[in-house]
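The values are calculated or read from the model by the stated rules, or taken from the named source; none is laboratory data. Everything quoted here is computed from the prediction, not taken from an experiment. As a convention, Cβ positions derive from the backbone with ideal geometry for all residues, glycine included, and neighbour counts pool all protein chains shown.
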Amino acid sequence: MTRRLCLVTGASAGIGKAFAHVYASHGYDVFLTARRADRLELLASEIRLRHGVEAFVATADLAEAGAVDKLLAAVAAEGRDIDALVNNAGYGLAGAYAQTSWSDQQAFLQVMTVAPAELAHKVLPGMLERRFGRIVNVASLAGLVPGSAGHTLYGAVKALLVRFSQSLHLETQGTGVHVTALCPGFTYSEFHDVNGTRDAMNGLPAWLWLGADEVAAIGYEAAEANRAVSVSGSPNKAIAALAKILPDDWALAVMARQSRRFRRI
């Protein structure tokens, strides 16, 4: 019998790579996509050897027009349906909003909001028809707390993913399709190296951090349990809870004081 297939975006490193291993370890074939072909091929080989499942690879830049359709066509060319979707591709755009170019911000919005929404929209009908599906939108603790100076749209797009996931979670109740927003906090990955904040991150306490493998495992379990939102790690759960009960102006003042510790403005 053909195994189920999980599509993971941003699979070449970090949380995406960890999700690919988690789903493969639970018997899924995986379809891996990111921009770096060499890393994807290496990961695919590793997954085939370690987990004994099939791993497919297609490079894609989700900032480009038509990238989602090309990606789904590559899946269809293998004669496969998507049973699980992990919308993980993403990055941080450092700097104050006025000091960045609109073209960079537009590409950021395309990757972080339009592409995951489009992918979910296009795979959902098949999931509903087959009465099975898993959609994990990798959001962030940043989507559950007030905005910060620098990386201006990051918290906003992550908050959108949280609300989107909650709505889709409610729409799919009783259908066999589970939708979850995973909200990690600080995670050991390349994320902070790419956006130039690694030096600042090195000053944060170790108890704030989780490994990418831990985060992906939490996300998988939350999706199987059909939880609309899952915050990874006890410190992050406490921060999210505190953000809910603090008056908005107090919480925003805290973020104003802390932003420079983890954002490049």
Yes or no: residue 98 at pLDDT 95 or above and within 30 Å of residue 147 (Cβ to Cβ)? yes
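If the requirement is being touching a Leu at 6+ places or on another chain (Cβ under 9 Å), touching a residue at least 12 places away in the same chain (Cβ under 8 Å) and outside any helix (DSSP H, G or I), which of these qualifies: 119, 85?
Being touching a Leu at 6+ places or on another chain (Cβ under 9 Å), touching a residue at least 12 places away in the same chain (Cβ under 8 Å) and outside any helix (DSSP H, G or I) holds for just one of 119, 85, which is 85.
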Restricting the search to segment 229-252, which residues are among the small types (Gly, Ala, Ser), exposed (fewer than 14 other Cβ atoms within 10 Å of the Cβ) and modelled with pLDDT under 85? none
Restricted to segment 153-188, and to residues that are modelled with pLDDT of 95 or more and of a type in the set (S, T, N, Q), which residue is nearest to residue 216 (Cα to Cα)? 180
Here is a list: 150, 211. Which entry is within 27 Å of residue 61 (Cα to Cα), crowded, with 19+ Cβ neighbours inside 10 Å and modelled with pLDDT under 95? 150
Under 8 Å by Cβ, and 6 or more places apart or on different chains, what pairs join a residue from segment 6-26 that is charged (D, E, K, R) with one that is crowded, with 24+ Cβ neighbours inside 10 Å? 17/11; 17/43
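Go through segment 122-142 and give me each residue that's more than 12 Å from the chain's Cα centre (by Cα) and in a helix (DSSP H, G or I).
122, 123, 124, 125, 126, 127, 128, 129, 130, 142
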Anything in segment 88-102 that is of a type in the set (Phe, Trp, Tyr) and in a helix (DSSP H, G or I)? List them, or say none. 97, 102
Looking only at helices (runs of 4 or more DSSP H) that fall completely inside segment 1-82, which ones have 1 or more residues that are modelled with pLDDT of 95 or more and hydroxyl-bearing (Ser, Thr, Tyr)? 14-25, 37-51
Residues of segment 230-251 being within 13 Å of residue 186 (Cα to Cα) and free of Cβ contacts under 8 Å to residues at least 24 places away in the same chain, in sequence order, are 234, 237
Pairs please, first residue from segment 44-67 and in contact (Cβ under 8 Å) with a residue 24 or more places away in the chain, second anywhere and surrounded by 19 or more Cβ atoms within 10 Å (Cβ to Cβ) and not hydrophobic (A, V, I, L, M, F, W, C), Cβ atoms under 6 Å, 6+ apart in sequence or on different chains. 53/29; 54/29; 58/33; 60/33
Report yes if residue 125 is crowded, with 20+ Cβ neighbours inside 10 Å and at pLDDT 95 or above, otherwise no. no
